[in-house]
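Below is one structure; the comments refer to it alone.
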Amino acid sequence: MPQGDAEPRHARSLWKRTTGILSRSSQSSPPRAALLIFAIVIGFFTALLMLPWATPGRSSAALHDALFVATSAVTITGLTPVNTADDWTLGGQIVILIGIQVGGLGIVTTAALLAVSVTRRLGLRTRLVAQEGMSTGRLGEVGHLLKTVIVCSAVVQGALAAVLIPRLISLEGDVVRGAWYGLFYAISAFNNAGFVIHSDGLGGVDNDPLVVWVIMLGVFVGSLGFPVLYVLWKYRWHFQRWSLHTKLTMEVTTILLFVGAAIYAFLEWNNTATIGDMTWLEKIQGSLFASVNMRSGGFSVVESNLEHSETMLVSDALMFAGGGSASTAGGIKVTTLAVIFLAFLAEARGHEESSAHGRTIPAQVVRVAVSVVAMGATAVLLSTLALMTFSGEDMGRPLYESISAFATVGLTSGMTEELPPEGLYVLVALMFTGRVGIITFAAALTVRQKRVRYRYPEGRPIIG
């Protein structure tokens, strides 16, 4: 057989085996299939970024740099050990942008689209998983919600680009460059990615108010989550018809937004290294921008390592909280935070069950919330310890970098650029875990229920 015929046949065989594995995984465990597809996608983008045309000078990028940036893009984090503007060509930046867009669709959507591509239909199992993962009320809404993800992404990103492109063309004085910057920031903002393609960050646009507010709005909308956007689009401002998930997401998001901005302004008001030299209006704008992006976006108009240590500690807490479920944001999610707080409130009041807005929250949901927080805290603890070992630093910066990676935020204390390859691999694993693993773990707990037909006698260990 000619060698030219053998290679295509080998490629077809490899593709057939891969799709077979994905098909079996999607039928037995859709969350596991989504995890596998994310790993394959990251590997694909890593390979693209290692091609000579992706870097200036036609030299291939190092494996640890390419893998890190590919993971950061697909997990929509924004951390990077290299300068996106200077160390990647236009082709490399396009690869990063496509990775952001693919990753921004989310794990549940990816799993559903995977199942559709393999089975040619949206089966019952996939609908059940998507129903749980997206918090939709009825099974029949799942297909509409998947369409909402695609349409909403296109519409919001298009609207952001329609504002950013003319403004950046005006600021840059170049039509092509301004249009590319506007498109890139529109996609990066809505997907909460935090990647910038100005060499000096957003300082490259002179902190222009229109650019800052549009990016802030894009990050905020993206962090709400597609289930919330679907409900808001369907029921508008009829609050009573909103789902419990939507109500909790909007309430906690709003509280964290304004409380975070107030604390940031209080701590940094006179810090000349950050917002101290700005006018009072610019300080308010900067505080709101910081509060929105500390929870998910990763954009920054000031360097995080110039903030007070107290501010960085507050940032740690906000980053760990994150944004809405099934959104482009990361963290443990605001609804997880709300469920744990409501459970604490119920315990303090002596109630057997927690509730909100006239709805009882099942004990199983509380258990999943506690499990997610415990798993996230454990991942951050282990990675912080590893970074402290590799860098020889005290806990401050390693903790900040670990939480930023786990919560897929992208803010940095400058440590990522200084880490050796083994430290970068730790953050790669953490970004993957934060974006994929925690959600998969929660989905698996939700979907895989076993009815136990016996019950052990009660035992009451002493708590506290």
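The values are calculated or read from the model by the stated rules, or taken from the named source; none is laboratory data. As the structure is a prediction and not an experimental result, all values here were calculated from the model. So basically every Cβ, Gly included, is an ideal-geometry build from the backbone, and we count neighbours across all protein chains shown. We work out accessible area using only protein heavy atoms, side chains counted, and drop any ligands, DNA or RNA first. Shrake-Rupley method; radii C 1.70, N 1.55, O 1.52, S 1.80 Å.
Observations, loosely collected:
- R0 of 30 Å, Cβ-Cβ distance residue 150-residue 377: FRET efficiency to nearest 0.05: 0.30
- Length gained when the stretch residue 456-residue 306 is fully extended (0.36 nm per residue, less Cα-Cα span): 48.5 nm
- Sequence-ordered 3J(HN,Hα) estimates for the stretch 44-56 from the Karplus curve with 6.51, -1.76 and 1.60 and θ = phi - 60° stand at 5, 6, 4, 4, 5, 6, 8, 6, x, 6, 7, 10, x Hz, glycine and proline given as x.
- Long-range HN-HN contacts of residue 89 with modeled amide H, under 5 Å: 55
- Local electrostatic count, residue 290, Cβ distance below 14 Å [Lys/Arg +1, Asp/Glu -1]: -4
- Extending 7 Å from the Cα toward the beta-carbon at both residue 39 and residue 364 defines two label points whose distance is 2.7 nm.
- Computed over neighbours whose Cβ is under 9 Å from that of residue 276, the net charge equals -1, Lys and Arg +1, Asp and Glu -1.
- R0 of 30 Å, Cβ-Cβ distance residue 83-residue 313: FRET efficiency to nearest 0.05: 0.60
- Only Lys, Arg (+1) and Asp, Glu (-1) charged, at Cβ; the stretch 216-293 dipole about Cα centre in debye: 520 debye
- Rel. contact order, % - alpha carbon contacts under 8 angstrom, at least six apart, the stretch 321-425: 23 percent
- FRET efficiency, 1/(1 + (r/R0)^6) with R0 30 Å, evaluated for residue 389 and residue 347 via beta carbons: 0.20
- Between the listed residues 366, 290, 309, the Cα displaced farthest toward the positive end of the dipole of the stretch 284-385, a dipole computed from Cβ unit charges relative to the Cα centre, is found at 366.
- Once all protein chains are placed together, residue 148 keeps about 30 Å² accessible to a 1.4 angstrom probe.
- The Cβ shell under 14 Å around residue 359 holds other residues with a net charge of 0, Lys and Arg each +1, Asp and Glu each -1.
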